[in-house]
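First up is the structure itself, then whatever we jot down about it.
Read-outs throughout are calculated quantities, based only on the coordinates presented, and are distinct from any laboratory measurement. These figures come from a predicted structure and were not determined experimentally. Glycine gets a Cβ as well: all are built from the backbone with ideal geometry, and neighbour counts include every protein chain shown.
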Amino acid sequence: MSSHISNVRPPPDKLLTDLADYALNAKITSGEAYDTARWCLVDTLACGIMALAYPACTKLLGPVVPGASIQHGARVPGTRYELDPVVAAFNIGTIIRWLDFNDTWLAAEWGHPSDNLGAILATADWLSRNAAAGTPVSAFSSLVTRHSSLTVKDVLTAMIKAHEIQGVLALENSFNRVGLDHVLLVRVASTAVTTAMLGGTREQVINAISQAWLDGSALRTYRHAPNTGSRKSWAAGDATSRGVRLALIALTGEMGYPSALTTKTWGFQDVSFKGNPVKLARPLGSYVMEQILFKISFPAEFHAQTAVECAMQLHPLVNKRLNQIERVELTTHESAIRIIDKTGPLHNPADRDHCLQYMTAIGLIFGELTADHYEDRIAADPRIDALRAKMTVTEDKSYSKDYLDPEKRSIANAVQIFFQDGSKTGKIAVEYPIGHRRRRKEGIPVLQQKASGAFTAHYGAKNTAKLMELFANRERLEAMPVHAFVSHFAK
């Protein structure tokens, strides 16, 4: 007997249309979302500027072919590069993510929604600069006229929408548990918002998003022992760049694949997600930007942020008694144990910034944590591994429960030190890191200090004052043409 497979083309999967309609038509009315997006923009740019001090990062930057440039191309902040938007998105996305210092979203699937700024800023600057120059953009010449008034508010709106798409998809869809990397959601979000920014029709946006899902996902191998490595620092740049490429492909009229997610046997859900449906946990609005978690005081994988805060509080009590420590008890939540509880040798900075014990040891020994503490020179200090060897890690079920509570979204850790003479410190616990929404009032001034310090090291004090002034008034910032804004950050 033979069976016949229907070749009737189905309507687009509902998730594809939901994402497209949101990207194209949603009106963002939340003042809190726009205000948070403003600080997200300065924080994300600061993270990128800081990364330029690291040759391991800068060696990856610039055009694909050395020496290539493009007139009125997108600029890469902190550099002289002027590139096509696809390559510029890779550059911007890579510097943003390199130090693991930009914002974080923790859910069933975690990630860093500001990674999408690579696509958003590259696309917006490219369009805005060509519009200002009156230069046709190849087949997209009509877009130049359409986007002649592109402003920073358009960038903030796209950021809010990209945060929302990535973050809401992450709430209940745990791709990491089937071995897939969360940069999948960066690609999907970047594709959706940039296709809309480029003036795509509803059909074109749906087609582009379908292509993003067809790409599947990178494996998480490079984030976990024993293979943790530097790809985790440029994977988001790769994903956000791919989003721009797929958007541009869709705008040529290239076809899409309406059941890319749901088709039996060959769709994303069956092939890559063990047959589970990919779903939206809540209506799309501005929830994620309002709730976003900033890494403010130090670059550390977010599940360890509160552990490092605890360690810094304990530093004055233990830094002169390190050789007297018998054991260090770390109490944490399930996700931290699964992702960053690591023993044995640590082979590179990427390995170290994903080790709960290493980050905690740095806080205890030095009373601070900077990107330099992950480099080989510091890691060679024998006190670090000696202290790691004395650490135990246990789960507190209540911490794990509150981590998953959508009203709390806590990331709790506790640290207690026991000495050989039988004495001990108190058990220091921190439930919400300084970058949490519940600590915004306390956190934003520290975020501003972080950005100011990053800009000063790269641009000098005088130019930094001008850069920080750009963000002082939200209405003035939002009205600024994108190309004028980005020009302030060119080196």
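Where does each of VAL288, VAL186 land when they are ranked from fewest to most other beta-carbon atoms within 10 angstrom?
Details: VAL288 27, VAL186 33.
Listed from fewest to most nearby Cβ atoms, that is VAL288, VAL186.
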Taking only the alpha-carbon atoms of the range 169-245, the convex hull volume per residue, in cubic angstrom, is 87
5 Å is the cut-off here: which amide hydrogens, built 1.01 Å from N in the peptide plane, fall below it relative to LEU293, excluding neighbours closer than 5 in sequence? THR104
Using a cut-off of 17 Å between alpha-carbon atoms, which aspartates and glutamates can reach LYS491, once sequence neighbours fewer than 8 places away in the same chain are excluded? GLU82, ASP125
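Excluding LYS397 itself, what net charge comes from residues whose Cβ is under 15 Å from its Cβ, given Lys and Arg +1 and Asp and Glu -1?
Working: positive: ARG338, LYS401, LYS408; negative: GLU334, GLU395, ASP396, ASP402, ASP405, GLU431.
Taking every Cβ under 15 Å from that of LYS397, the sum is -3.
Calculate, in whole percent, how much of the Cα-Cα pair population of the range 39-178 lies beyond 27 Å.
Numbers: 2506 of 9730 pairs.
Percentage above 27 Å: 26.
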Run through all the Cα pairs of the range 302-459 and give the fraction in each 10 Å bin from 0, expressed as whole percent. 11, 38, 36, 15, 1, 0
Average Cα contact separation per residue, the chain, under 8 Å, 6 or more apart, as relative contact order %: 19
If I model a spin label as a point 7 Å beyond the Cα along the Cα-Cβ vector, how far apart are those points for ALA465 and ILE5 in nm? 6.8
Dipole of the range 36-179 [Lys/Arg +1, Asp/Glu -1 at C-beta], most positive-end residue of GLY62, ALA46, PHE101: GLY62
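Net charge within 12 Å of PHE298 by Cβ-Cβ distance, Lys/Arg positive one each and Asp/Glu negative one each, not counting PHE298 itself? Walk me through the numbers on the way to the answer.
Details: positive: LYS295, LYS450; negative: ASP100, GLU301, GLU309, ASP353, GLU368, ASP372.
Residues close to PHE298 contribute a combined charge of -4.
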Per-residue ellipticity at 222 nm for the chain, helices alone: DSSP H runs ≥ 4 residues times -39500 (n - 2.57), over residue total, nearest 500 deg cm²/dmol? -15500 deg cm²/dmol
For the range 129-288, what does the relative contact order come out to in percent, with C-alpha contacts under 8 Å and a separation of six or more? 28
For the SER398, GLN71 Cβ pair and Förster radius 41 Å, calculated FRET efficiency rounded to 0.05 is 0.10
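First check a/c for the range 393-441, with a ≥ b ≥ c the square roots of the eigenvalues of its C-alpha gyration tensor; if it is under 1.5, answer rounded, and if not, answer prolate when a/b is larger than b/c or oblate otherwise.
Numbers: a/c = 4.73, a/b = 1.91, b/c = 2.48.
Note, shape of the range 393-441 comes out oblate.
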Just how far, in whole angstrom, is the range 440-477 from the range 237-300 if you go by their alpha carbon centroids? 31
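Arranged by the count of other C-beta atoms within 10 angstrom, fewest first, what order do GLU32, GLU395 take?
Working: GLU32 13, GLU395 16.
Ranked by crowding around the Cβ, least crowded first: GLU32, GLU395.
Step through the table entries LYS264/LYS401; LYS59/LYS390; LYS232/LYS450; LYS27/LYS264; LYS161/LYS397, compare each Cα-Cα distance with 29 Å, and write down the pairs that go over it. Provide the component values of the computation, followed by the final result.
Details: LYS264/LYS401 35 Å; LYS59/LYS390 38 Å; LYS232/LYS450 23 Å; LYS27/LYS264 35 Å; LYS161/LYS397 33 Å.
Beyond 29 Å: LYS264/LYS401; LYS59/LYS390; LYS27/LYS264; LYS161/LYS397.
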Answer in debye to the nearest 20: the dipole magnitude of the chain about its Cα centre, from +1 Lys/Arg and -1 Asp/Glu charges placed on Cβ, is 260
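Over the range 290-412, what relative contact order in percent results from Cα pairs under 8 Å that are six or more residues apart? Present the calculation step by step, with values, prior to reporting the outcome.
Values: 162 pairs, mean separation 44.4, N = 123.
That works out to 36 percent.
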Under the classification rounded if a/c is under 1.5, otherwise prolate if a/b is larger than b/c and oblate if not, where does the range 414-480 fall, given a ≥ b ≥ c as square roots of the Cα gyration tensor eigenvalues? oblate
What three numbers, in Å, describe the spread of the alpha carbons of the chain along their principal axes, ordered from the longest? 75, 74, 43
Which value in nm describes the separation of the simple spin-label points at ASN276 and LYS408, placed 7 Å from the Cα toward the beta carbon? 2.2
Under-5 Å amide H pairs with GLU326, H placed in peptide plane, nonlocal only: PHE418, PHE419, GLN420
Provide the FRET efficiency to the nearest 0.05 for the HIS488-GLU254 pair, computing r from the beta carbons and using R0 = 56 Å. 0.95
Would you kindly state how much longer the chain becomes between LYS27 and THR135 on full extension, computed as 0.36 nm times their sequence separation minus their alpha carbon distance, in nm to one decimal? 35.9 nm
